[in-house]
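Structure, as structure tokens:
What follows draws every value from the coordinates through simple rules; no lab data is involved. Keep in mind that what you see is a predicted model, and the values were worked out from it rather than measured. For neighbour counting, all protein chains shown are included, and Cβ atoms are generated from backbone atoms with ideal geometry for every residue, glycine included.
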Amino acid sequence: MTGRIVALARYPIKGMSAEPLDSVTLQSGEGFPGDRQWGFARPGSGFDPSDPKPLPKDKFVVLLQEAGLAGIEARLEQHTLSLTTAGATHSFDLADQTGRDGAAQFLQSALKLNNTPSLVRSDPHRFTDVSVVSPELMNAVSILSRDSVAAFSEDIGRPINEKRFRMNIEVKGWTPWVELEYVGRGIQIGSVRLKVLLRTRRCAATEVNPETAERDLPLPSLLRKTYAHFDMGVYAEVVEGGTIKLGDEIVLQ
């Protein structure tokens, strides 16, 4: 089953917007470069940067609870974070604690949070939703089939923006839903080899429209009603690394 890569993206800050890429170099046993390395931890989250442990997603400021996050565009270049909302851009130096505190205070004000979160990082820890399952899944790459999204859209009679699913690799050319049957099997992209670990179970974060920042489509319940599952996309580990790029063939084996 052969398709092509039509989008690549990383999400430097958990819960915030994507940074599209033309190519990326994957390393064996490591996650998507630059992906979910920062997170806005809620007060009392229990996250300790000196001894990082995986925590549930609700310990962080995420779309699951804060739909307004979709209305803030985030860009991270080296250590400078730019947050844009309502046409105004604010920049923060994340190499400095003052800058990290400023970003957290800005987010509290923009989202009208009751308390100020803390912007945290602790490499090589990643703030992926499935980090609580296993180290392998903390470093997994996420893959979405646009053909499955299109089939879902047709079946419910509603347009679905694939950006709702916030994936690293987006593919076209696979038979709809076939990827869900490949857990434990391989994916080849040139010399790069992946192994599918888990189907991606969807939560209420996908209800948020990435263009309007409004919760307007109950996708998890629609998946369950239509297909008797909550899954869209898969997680895969990098078995053999290398560089992948837009347009590359991606083969389910």
**Request:** Determine which lysines satisfy two conditions relative to LYS172: a Cα distance under 23 Å, and not lying fewer than 8 residues away in the same chain.
**Result:** LYS163, LYS195, LYS245
**Asked** THR226 versus SER191, label points 7 Å from Cα toward the beta carbon: distance in nm?
**Response** 4.0
**Prompt:** At 20 °C and 1.002 mPa s, what whole-number value in µm²/s does Stokes-Einstein give for the translational diffusion of the stretch 178-253, with Rh from the Kirkwood sum over Cα pairs?
**Reply:** 151
**Item:** Charge dipole magnitude, Cβ of K and R +1, D and E -1 - the chain, Cα centre, debye nearest 20
**Value:** 480
**Item:** Residue (of GLY102, LEU217, THR175) at the positive-pole extreme of the stretch 97-253, dipole from beta-carbon charges
**Value:** GLY102
**Message:** Modelling each spin label as a point 7 Å along the Cα-to-Cβ direction, I'd like the SER23/ASP123 distance in nm, to one decimal.
**Reply:** 2.2
**Cα long-axis angle, helix 97-111 against the chain (0 to 90 degrees, to the nearest 10)** = 80
**Request:** Kindly write out, for the stretch 47-55 in residue order, the coupling ³J(HN,Hα) from the Karplus curve 6.51 cos²θ - 1.76 cosθ + 1.60 (θ = phi - 60°), rounded to whole Hz, with x marking Gly and Pro.
**Result:** 6, 10, x, 7, 8, x, 10, x, 10
**Request:** Using only alpha carbon pairs under 8 Å that are at least six residues apart, calculate the relative contact order of the stretch 9-154 and give it in whole percent.
**Result:** 26
**Asked** What nm distance separates the two modelled labels at TRP177 and SER153, each placed 7 Å from Cα along Cα→Cβ?
**Response** 1.8
**Prompt:** Helix 146-156 versus the longest principal axis of the chain: what is the Cα-based angle in degrees, 0 to 90, to the nearest 10?
**Reply:** 90
**Fill in**
FRET efficiency for SER91 and VAL251 from the Cβ-Cβ distance with R0 = 41 Å, rounded to 0.05, comes out at 0.50
**Asked** Candidates [x] 18.7, 60; [y] 17.8, 50; [z] 17.8, 57; which is the computed Rg and Dmax of the Cα atoms in Å?
**Response** [y]
**Prompt:** When the chain is modelled as a GNM with alpha-carbon springs shorter than 10 Å, which of ALA86, ALA110, ALA70 fluctuates the most?
**Reply:** ALA86
**Fill in**
In whole angstrom, the spacing between the Cα centers of the stretch 45-118 and the stretch 135-177 equals 26
**Complete:** Asserting the computed 222 nm helical MRE of the chain (DSSP H runs at least 4 long, -39500 (n - 2.57) per run, divided by residue count, to nearest 500) equals -4500 deg cm²/dmol
**Complete:** Bridge orientation stat for the chain from DSSP, antiparallel percent rounded to 5, came to 90
**Request:** Could you tell me what percent of the DSSP beta bridges with both partners in the stretch 140-242 are antiparallel, to the nearest 5?
**Result:** 85
